[in-house]
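What follows is a single structure, written as structure tokens, with notes after it.
Since every read-out is calculated from the coordinates, none of them should be taken as a lab result. What you see is a predicted model, and the numbers here were worked out from it, not measured in a lab. Positions of Cβ are generated from backbone atoms using ideal geometry, with glycine treated the same way; all protein chains shown enter the neighbour counts.
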Amino acid sequence: MKVMLVVTHLLGTGHLSRALTLGRAFAGAGHEVIVVSGGMPAPQLDSTGLTLFGLPPLRSDGTNFTRLLAENGEEADETYRNARTVALVEALRSFQPDVLITELFPFGRRVLAGEFEAALTAARALPHSPVILSSIRDILAPPSKPSKAERADEIIDAFYDGVLVHADERIIPLTVSWPVSDQLAAYLHYTGFVAPVAPQPHPDGVGEGEILVSAGGGSVGQPIFNAAIEAARKMPNRRWRLLVGGRDAQARISELSQLAEGAPVFIEPVRPDFRQMLPHAAASVSMCGYNTAMDLLQSGTPAVMVPFDDGNEVEQSLRGQSLSALSAMKVLPSKDLDATRLSEALQRVISDAPRSTQGFGFDGAQRSVEIAQRLWDARR
């Protein structure tokens, strides 16, 4: 099959990372894959075996997801937005996919509804209309009013063949965060969690006994890093490693290094071998995005999660609440984040019973391939 995935990450890189994991699963099964990315370039992510096509990139203005900025930092005007739509539709018509997957839309990215709906209309007009699927994570941003959920139902019914829910329904059903109508329920396919192959311990033992502090690929984790530096002074017998991402990583590393003077803290940019470091670590401090949660579940590392909740975001808080029932996992709300509470939370999870890595389904990418193949075969 020819498979096209369309994704736009606006703040962190989690959406793109998950789409690339899906894409690699399709490519690994022998399918031709193109990932159309509408967010800022993220060269640190693995696109092995995939064709990556970039639209004129956008990012949100911080947590204001209704104000979109172009690569130069200026607000994206109508001309810029139209250029994205044209490029997306032309890529679709040129590639003519057998399977089209939109990441998050229509359950999110409503600010980009124009370009997504243009692509969906063009897809249905192709000589051989593709199987069209929506790909969503375990937790969605709940709709602020019923009309938004109703509109999503309308779009699904008009264009889509199914919705891939990347979760285990027994652990986190979609109803935790989204009103699932009877109409929508008929389209849902629970795939299990989407994650790369479980990380093998780092061959050089990097991270052994350390407290690893990370905040994704964006630039929103400064409060976590600041609290970690002060907490390190309260736990001087532990080595701390801060992994800093974002476009301004070097400037932030310089600033944090000054704050950390005299503390047992090592600061460096995000690393591609981070997942291999986790099994060695004494504990992890991080936000609670989907991909981070998968890394923690697969590695079994004791974890303190500080969910991202700026701008009324609730996704990570809901996920954290679901996971905090597990051993050696604790949620520390951002409003409670300080050095004392962080050090106390870390001491608790480190002393908890080890957490089993068994019993979770991490084969969601492969299951997604099987579902798409089955739907395509049924159409031929």
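What residue among VAL35, VAL176, VAL244 shows peak mean-square fluctuation when the chain is described by a Gaussian network model with Cα springs under 10 Å?
VAL176
Using +1 at the C-beta of Lys and Arg and -1 at the C-beta of Asp and Glu, which of ALA185, ASN237, LEU337 has the Cα lying farthest in the positive direction of the dipole of the chain?
ASN237
(1) 20.8, 66; (2) 28.7, 89; (3) 21.7, 68: which one is Rg and Dmax of the Cα atoms in Å as calculated from this entry?
The listed entry that was calculated here is (1).
Taking other Cβ within 10 Å of each residue's Cβ, how do TRP240, TRP178 sort, fewest first?
Starting with the residue having the fewest Cβ neighbours, the order is TRP178, TRP240.
Only Lys, Arg, Asp and Glu count, each charged at its Cβ (+1, +1, -1, -1), so figure out the dipole size of the range 91-194 about its Cα centre, rounded to 20 debye.
Values: 9 positive and 13 negative charges, 60 e Å.
Roughly 280 debye for the range 91-194.
If I take R0 = 41 Å and measure r between the Cβ atoms of GLU370 and LYS145 in this structure, what FRET efficiency does the formula 1/(1 + (r/R0)^6) give, to the nearest 0.05?
On the way: r = 36 Å, r/R0 = 0.88.
Efficiency, rounded to the nearest 0.05: 0.70.
Per residue of the range 45-50, in order, report the coupling 6.51 cos²θ - 1.76 cosθ + 1.60 (Karplus, θ = phi - 60°) as ³J(HN,Hα) in whole Hz, putting x for Gly and Pro.
Using θ = phi - 60°, the values come out as 7, 7, 10, 4, x, 10 Hz.
Order of ASP182, ASP138 from fewest to most other C-beta atoms within 10 Å?
The order, fewest Cβ neighbours first, is ASP182, ASP138.
Stretched out fully, how many nm does the piece from ASP61 to ALA198 gain, at 0.36 nm a residue minus the Cα gap?
45.9 nm
Quote the charge dipole size of the chain about the Cα centre in Debye, to the nearest 20; the model charges only the Cβ of Lys and Arg (+1) and of Asp and Glu (-1).
420 debye
Can you tell which of ALA195, ALA125, ALA91 shows the greatest fluctuation in a Gaussian network model of the chain with Cα springs below 10 Å?
Ranking ALA195, ALA125, ALA91 by mean-square fluctuation puts ALA125 first.
Dipole of the range 211-351, Cα-centred, from +1 at each Lys and Arg C-beta and -1 at each Asp and Glu C-beta, to the nearest 20 debye?
420 debye
Can you sort ARG341, ARG241 by how many other beta carbons sit within 10 Å, fewest first?
Arranged by neighbour count, lowest to highest, ARG341, ARG241 become ARG341, ARG241.
Among PHE225, ALA215, THR301, which residue has its Cα positioned farthest towards the positive end of the charge dipole of the range 211-351, with +1 placed on the Cβ of Lys and Arg, -1 on the Cβ of Asp and Glu, and the dipole taken about the Cα centre?
THR301
Below 8 Å, C-alpha to C-alpha, sequence gap of six or more: please give me the relative contact order for the range 211-351 in percent.
On the way: 250 pairs, mean separation 35.5, N = 141.
Relative contact order of the range 211-351: 25 percent.
Among the lysines, which have Cα under 22 Å from the Cα of LYS330 when same-chain residues fewer than 8 positions away are ignored?
List returned: LYS234.
Can you pull the one-decimal nm distance between simple spin-label points at ASN237 and HIS128, each 7 Å off the Cα toward Cβ?
Taking the simple label geometry, ASN237 and HIS128 are separated by 6.6 nm.
Normalise the Debye intensity by I(0) for the range 61-202, one equal point scatterer per Cα, no solvent, then take log10 at q = 0.11, 0.16, 0.19 Å⁻¹ and round to two decimals.
Values returned for q = 0.11, 0.16, 0.19 Å⁻¹ are -0.49, -0.97, -1.21.
Under a point spin-label approximation (7 Å from Cα along Cα-to-Cβ), what is the ARG170-PHE360 distance to one decimal in nm?
With each label point 7 Å from Cα toward Cβ, the separation is 1.5 nm.
Taking every pair of alpha-carbon atoms in the range 211-351, give the share separated by more than 17 Å as a whole percent.
Pairs farther apart than 17 Å: 55 percent.
Please give the calculated 222 nm ellipticity per residue for the chain, where each DSSP H segment of at least 4 residues contributes -39500 (n - 2.57) and the sum is spread over every residue; nearest 500 deg cm²/dmol?
Helix-only estimate at 222 nm: -11000 deg cm²/dmol.
At ASP377 and SER257, where each label point lies 7 Å from the Cα along Cα→Cβ, what is the point-to-point distance in nanometres?
It is 5.6 nm.
What number, in percent, do you get for the relative contact order of the chain if the mean sequence gap of Cα pairs under 8 Å and at least 6 apart is divided by its residue count?
Once divided by the residue count of the chain, the mean separation gives 15 percent.
Can you classify the range 57-140 as rounded, prolate or oblate using the Cα gyration tensor, where a ≥ b ≥ c are the square roots of its eigenvalues, rounded means a/c under 1.5, and otherwise it's prolate if a/b beats b/c and oblate if not?
The shape class here is oblate.
Among THR51, ALA158, ILE171, which residue has its Cα furthest toward the positive end of the charge dipole of the chain, with +1 on Lys/Arg Cβ and -1 on Asp/Glu Cβ?
Among THR51, ALA158, ILE171, the one farthest towards the positive end of the dipole of the chain is ILE171.
Would you please report the Å³ per residue occupied by the convex hull of the alpha carbon atoms in the range 51-91? Could the numbers behind the result be given before it?
On the way: hull volume 3.2 nm³, N = 41.
Output value, Cα hull per residue: 77 Å³.
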